[in-house]
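Below is one structure, written out as structure tokens; the observations come after it.
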Amino acid sequence: SGELRGFSKVTRDITEQVAKQRELELALAEAKNAGEIKDHFLSVLSHELRTPLTPVLAAVSYMSENASAAGEQFAEEIQMIRRNVQLEARLIDDLLDLTRISNNKLKLRFETVDVHRMLQEVARMAAVEIDEKVIGLSFQLEASPHHVWADPVRIRQVFWNVVSNAVKFTPRGGRVTVTTSMRGDDELLIEVCDSGVGFAPEDAARIFSPFEQGEKTVTRRFGGLGLGLSISKSIVVMHKGTITASSCGAEQGATFTISLKAIPAATGGDEAPARLPSRRQHSSRILLVEDHEDTLALLSRLLARCGYKVSTASSVTAAIKHLEESRFDIVVSDIGLPDGSGCDIIAHGRAESGSPGIKGIAISGFGSEEDIRRSKASGFLHHLTKPIDFQQLQAVLDEVEAA
């Protein structure tokens, strides 16, 4: 009748469970911290590796463009230096891309891409090695439509990896054929076939794994890290496409096939090819900010030869002093400086100095999507990732002056 006659109490010792939960949380925190440390290390490593390459690549690109002044007898050596600096830069990019992909940090920016035009542009990029090895390159571009919805930078990277691999692994006097076709109404197929070293059929899937190039003897003969195809596959999958490889065996050549969804061309048809900027004397006043002594000295000399009026600084403090004392049209600045960031310089230049209309170009060894977003948010119009060649900087300066 509602009268309490007794009660019972049940207890359970959860000390061990709580301890395990705390251990798990600590382990997760440590893993996250380790991942952040690794990302920071790779970012800094990239910066430190890229920076010394900049004066080398800038110098040889200027010498290449002015071969008569450098002497025709050095033309071959100049091209060799340039080619190897660009190769090292691509290896650095591959290491960083692999990290971004593994951490799901690779971001894509989609637009309509003309596959036929891009394949031809990629082939022109490989023209020097194609000519040196007397490789017969042919195109059979028959797909219609031949446009895809893609990130142009990343899909160009895929095409470059596949085409440059075909050239790399094809012997002197060999053949490389690039074809496009349609499978069904909207599946665009890109095939790159070569008469090169080939691989065992059972290795077809393995060569898309990181650090793989088929047989170990291939790595010893041709070098490289074996990351390009792994990165390419990840990028193609992010575009909801496929990439496969086939070969009948060693020395039997190889065929790489990329499948992407085709879309109609953008309204208005194909754009006219971009005109190359004219090489003329300039008179803009440039503030060049760079803490790497060789890069600062070389770029200053080359810009002055083009007619620019150049002032230099190697720190944020010195740069801001220049901005407060003189007027400038353009700031070309490194981002990572001893006493701050190049972002502080352009922000100051645009807001507080006597050059409110000043335009900025960032040059940095830090080149992640976040680095580029941050530099543009601070006021830079362009962000060039080291190493840069001088023609690249000239083209951007032409564009900035015309804006």
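The values are calculated or read from the model by the stated rules, or taken from the named source; none is laboratory data. All values derive from a computational prediction rather than experimental measurement. For neighbour counting, all protein chains shown are included, and Cβ atoms are generated from backbone atoms with ideal geometry for every residue, glycine included.
Table: residues versus (1) surrounded by 12 or more Cβ atoms within 10 Å (Cβ to Cβ); (2) touching an Asp or Glu at 6+ places or on another chain (Cβ under 9 Å); (3) closer than 27 Å to VAL237 by Cβ.
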site: LEU108; (1), (2), (3): yes, yes, yes
site: THR112; (1), (2), (3): yes, no, yes
site: LEU119; (1), (2), (3): yes, no, yes
site: VAL122; (1), (2), (3): yes, no, yes
site: ALA126; (1), (2), (3): yes, no, yes
site: ILE130; (1), (2), (3): yes, no, no
site: LYS133; (1), (2), (3): yes, no, no
site: GLY136; (1), (2), (3): yes, no, no
site: LEU141; (1), (2), (3): yes, no, yes
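Examine region 88-95 for a residue that is in a helix (DSSP H, G or I), among the small types (Gly, Ala, Ser), surrounded by fewer than 18 Cβ atoms within 10 Å (Cβ to Cβ) and at pLDDT below 90, and state whether such a residue exists.
Within region 88-95, the subset in a helix (DSSP H, G or I) is 88-95.
Filter once more, keeping what is among the small types (Gly, Ala, Ser): 89.
Narrowing the set further to residues that are surrounded by fewer than 18 Cβ atoms within 10 Å (Cβ to Cβ) leaves none.
No, region 88-95 contains no residue that is in a helix (DSSP H, G or I), among the small types (Gly, Ala, Ser), surrounded by fewer than 18 Cβ atoms within 10 Å (Cβ to Cβ) and at pLDDT below 90.
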### Query
Of the residues LEU323, LEU299, LEU288, which is closer than 23 Å to GLU399 by Cβ and in contact (Cβ under 8 Å) with a residue 60 or more places away in the chain?
LEU299
### Query
Hey, does region 146-158 have a residue that's farther than 27 Å from ARG100 by Cβ and at pLDDT 95 or above?
yes
### Query
If the Cβ limit is 7 Å and pairs must be 6+ apart or interchain, which residue in region 181-197 that is in the same structural domain as ALA150 (by TED's automatic domain parsing) and modelled with pLDDT under 95 pairs with which residue that is part of a strand (DSSP E or B) and of a type outside the set (A, V, I, L, M)?
ASP186/LYS261
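Can ARG117 be described as modelled with pLDDT under 75, part of a helix (DSSP H, G or I) and within 30 Å of SER138 (Cβ to Cβ)? Please lay out each step first, then the result.
Working: modelled with pLDDT under 75: no; part of a helix (DSSP H, G or I): yes; within 30 Å of SER138 (Cβ to Cβ): yes.
In short, no.
Residues are listed down the side, and each one gets a yes or a no for (1) over 20 Å from ILE320 (Cα atoms); (2) in a loop (DSSP other than H, G, I, E, B); (3) modelled with pLDDT under 90:
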| site | (1), (2), (3) |
| --- | --- |
| GLY354 | no, yes, yes |
| GLY357 | no, yes, yes |
| GLY360 | no, no, no |
| ALA377 | no, no, no |
| LEU384 | yes, no, no |
| PRO387 | yes, yes, yes |
| GLN392 | yes, no, yes |
| VAL396 | yes, no, no |
| GLU401 | yes, no, yes |
